[in-house]
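Values quoted throughout were computed directly from the atomic coordinates according to the rules given, and no laboratory measurement underlies them. Keep in mind that this is a model prediction, so the values were computed, not measured. With ideal geometry, Cβ positions are generated from the backbone for all residues, glycine too; neighbour counts draw on all protein chains shown.
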Ligand SMILES: NC(=O)C1=CN([C@@H]2O[C@H](COP(=O)(O)OP(=O)(O)OC[C@H]3O[C@@H](n4cnc5c(N)ncnc54)[C@H](OP(=O)(O)O)[C@@H]3O)[C@@H](O)[C@H]2O)[C@@H](O)CC1
Ligand SMILES: [K+]
């Protein structure tokens, strides 16, 4: 795959791919043009932050933390622009070398440049009293935790609560994984301006917690030559909207897709209610339920056709969802094996994943399937399936398990990562923390199964498209969480399900380019 159709806000590139895209762009442009684009965009965001913080740029106090590389260069040139607009700009050099052209530009516009040593109280005072600190210590060239004196100044900024704008990436965060080697030696940004594209470290792991509000600026990088293995596609409203189109005038309930749900049990009827709640709003025209909680399901949702029998006898569907609260007994095992034997897409969640991890025959039956299989583990279930914990590189871990099992894997988390066996990978990173509530995953499973059934009814799914739909479902689920949590409301899984129609409508309203 190539990156045609990607935008800076949806393309998540590895550092190696950024470097190549950067080199290709530079070869076409005058010397330094990319850095000037980056610095211009950075100065615009810094200017708007300063206006929010102190009403104007003129007379505001800006401190640049400047490392050895081009990240520091961006900060220095942006600082020069702010100085030209009347800001009092101090650059604190924290490495043994710096971008000379950037420092000269800053000086020419009236800014000050000084080298800082560990314990330099004048520098600490400048940071503590600044209206805005610009973090140009490390960008995509950074490795590991911040060194001194940068770590110390970052701590001063954290402790004094001064506003921080990170250049490209909060320094101390691993660009490719979001790993933070030392929680005491990392910048905590209020905003981050990323250049050209996203990096996984801005969305995943501890990095996501240090990024603050994220802006991605177009500096003219092309994504045409980015390999699948170097790319993760971030799902936003614009990319999700085309996959959420409503029914056509000629559709009936069957052509819209039939989704089957076998979730819940006598012990856990709630999971059945929640999974079917999600399935009712995922575009399928018909929801079947097969399992022991059929009475509770019908009591909640009269539109769901719910029966106590086996999956194999439930009638035709374009996707089965099996797992949540279904249990681990022989009957539940039979439901997984029945569904695995059908050639329609199959989504396995929760208990079905535990069965798959613990029972070699179940695992073999799932791996041997010809139809598309989607697995939706949380981190604990992932570890049981993979035999190792997720680790710091979530994208690599998900790609690896997807390839091993020949299945689409959706790893739930504050950002949800999805990969297909061929390496196509997606991230949905807009879910509010309120989604971390019991039963929310059951709603997601039903929603995704319904979306899979709907699309399968129109054209047979391949794993890469199923992975895209999985990420779209996670995005819509996140949007529903945000709708449910609006105005500070508390959120239960049923509230998330109830908010799905409004979330779908919100995403549909976005107008792709
Ligand atoms: N991509 C694009 O299109 C564009 C990119 N642009 C910008 O360039 C940035 C990348 O610049 P870059 O390559 O110079 O790397 P950068 O991150 O500034 O510094 C790395 C230096 O820091 C050092 N160092 C490493 N780890 C360290 C640590 N833990 N603690 C302390 N020091 C550490 C390491 O030195 P070493 O230790 O190896 O001697 C190395 O020299 C990018 O993020 C973006 O802002 C834009 O200008 C235009 C378009
Ligand atoms: K930075």
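Could you please rank 211, 492, placing first whichever residue has the fewest other Cβ atoms within 10 Å of its Cβ?
Least crowded to most crowded, the residues run 492, 211.
Taking 51 Å as R0, compute the FRET efficiency from the Cβ-Cβ separation of residue 252 and residue 44 and round it to 0.05.
Once the sixth-power term is evaluated, E becomes 0.50.
Highest mean first, how do 35-41, 370-376 rank when packing is the count of other Cβ atoms within 10 Å averaged over residues?
By packing density, highest mean first, the sequence is 370-376, 35-41.
Out of the DSSP beta bridges found with both residues in region 238-509, what percent are antiparallel (nearest 5)?
Around 25 percent antiparallel, to the nearest 5.
Rounded to whole Å and sorted largest first, what semi-axes of the equivalent ellipsoid does the C-alpha gyration tensor of the chain yield via the square root of 5 times each eigenvalue?
Listed largest to smallest, the semi-axes of the chain are 48, 21, 21 Å.
With a ≥ b ≥ c the root eigenvalues of the C-alpha gyration tensor of region 238-509, is it rounded (a/c under 1.5), prolate (a/b larger than b/c) or oblate?
rounded
Calculated FRET efficiency, residue 312 and residue 384, Cβ-Cβ r, R0 22 Å, to nearest 0.05?
The value I calculate is 0.25.
Looking at the square roots a ≥ b ≥ c of the eigenvalues of the Cα gyration tensor of region 368-447, which shape do they give, rounded for a/c under 1.5, prolate if a/b is larger than b/c, or oblate?
Prolate, since a/c reaches 1.5 and a/b exceeds b/c.
Please list, in order, the residues from region 133-171 whose amide nitrogen is less than 15 Å from a point placed 7 Å along the Cα→Cβ vector of residue 54.
Under 15 Å, as judged by backbone N against the label point of residue 54, lie 133-134, 162-165 of region 133-171.
First measure r as the distance between the Cβ atoms of residue 341 and residue 487, then evaluate 1/(1 + (r/R0)^6) with R0 = 41 Å and state the FRET efficiency to the nearest 0.05.
Once rounded, the FRET efficiency stands at 0.30.
Ranking 333, 509, 250 by Cβ neighbours within 10 Å, fewest first, what do you get?
Ranked by crowding around the Cβ, least crowded first: 250, 509, 333.
Between the helical axis of 330-341 and the dominant principal axis of the chain, each derived from Cα atoms, what acute angle in degrees is found, rounded to the nearest 10?
80 degrees
Of 216, 164, how do they rank once you tally other Cβ atoms within 10 Å and put the fewest first?
216, 164
Using only the alpha-carbon atoms, how far is helix 150-160 inclined from the longest principal axis of the chain? Give it as 0 to 90 degrees, nearest 10.
80 degrees
Rounding to the nearest 10 and keeping the result within 0 to 90°, find how far the Cα-based axis of helix 33-54 lies from the longest principal axis of the chain.
90 degrees
Separation between the residue 245 and residue 147 pseudo-spin-labels, each 7 Å from Cα along Cα→Cβ, expressed in nm?
Taking the two extended label points, one gets 5.6 nm.
For a test of the definition: using alpha carbon positions, the gyration tensor, and the 1.5 limit on a/c, classify region 307-393 as rounded, prolate or oblate.
Note, shape of region 307-393 comes out prolate.
For n ≥ 4 DSSP H runs only, could you compute -39500 (n - 2.57) per run for the chain, divide by its residues and tell me the 222 nm figure to the nearest 500?
Value at 222 nm, helices only: -13000 deg cm²/dmol.
Please give, to one decimal in nm, the separation of the simple spin-label points placed at residue 368 and residue 295, each 7 Å out from Cα toward the Cβ.
Rounded to a tenth, the inter-label distance reads 3.8 nm.
In whole angstrom, note down how far apart the Cα centers of region 477-494 and region 24-55 are.
36 Å
Would you kindly state how much longer the chain becomes between residue 361 and residue 27 on full extension, computed as 0.36 nm times their sequence separation minus their alpha carbon distance, in nm to one decimal?
Taking 0.36 nm per residue and subtracting the Cα distance, the gain is 114.7 nm.
Starting from the Cα gyration tensor of region 11-234, multiply each eigenvalue by 5, take the square root, and state the resulting semi-axes largest first in whole Å.
Equivalent ellipsoid semi-axes, largest first: 26, 20, 16 Å.
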